[in-house]
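In what follows, a single structure is set out as structure tokens and then discussed.
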Amino acid sequence: MNPSRWLLKSKRLAQNPPPMKTVLIYVGIIAACLAVAGFEWLFGWPDWLTVNSLRARP
């Protein structure tokens with residue numbers, strides 16, 4: 001993406017900010033992702049969530 005487009009999008013966001021409800025939804029999604037990543041970093045990935053290989057092992 002072109003950096004000049006980023007400036008234009010930033011200008012448009014500064015002039016017409018999104019509603020607070022939309023901002024809170026985005027913040028909630030980011031917080032949930034960080035919580036899952038932090039849990040995985042602290043405790044590791046559980047074996048029951050690992051997908052078994054579909055290939056036949058010789």
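Listing for the model above:
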| item | result |
| --- | --- |
| Dimensions in Å of the range 17-58 - Rg and Dmax from alpha carbons | 17.5, 59 |
| Length gained when the stretch W41-S4 is fully extended (0.36 nm per residue, less Cα-Cα span) | 9.7 nm |
| Förster radius 25 Å - calculated FRET efficiency between S53 and A32 (Cβ-Cβ, nearest 0.05) | 0.30 |
| Positive-pole candidate from A32, S10, L42, dipole of the chain, charges at beta carbon | S10 |
| In sequence order, calculated HN-Hα J values of the range 3-14 (Karplus, 6.51, -1.76, 1.60; Hz; x Gly/Pro) | x, 5, 5, 4, 5, 5, 5, 5, 5, 5, 5, 5 |
| Crossing angle, helix 20-43 versus the chain [Cα axis fit, 0-90 degrees, rounded to tens] | 30 degrees |
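Quick note: the coordinates plus some simple rules give every number you see, no bench work behind them. Fair warning: this is a prediction, and the values are worked out from it, not measured in the lab. All Cβ positions, glycine included, derive from the backbone under ideal geometry; neighbour counts span all protein chains shown.
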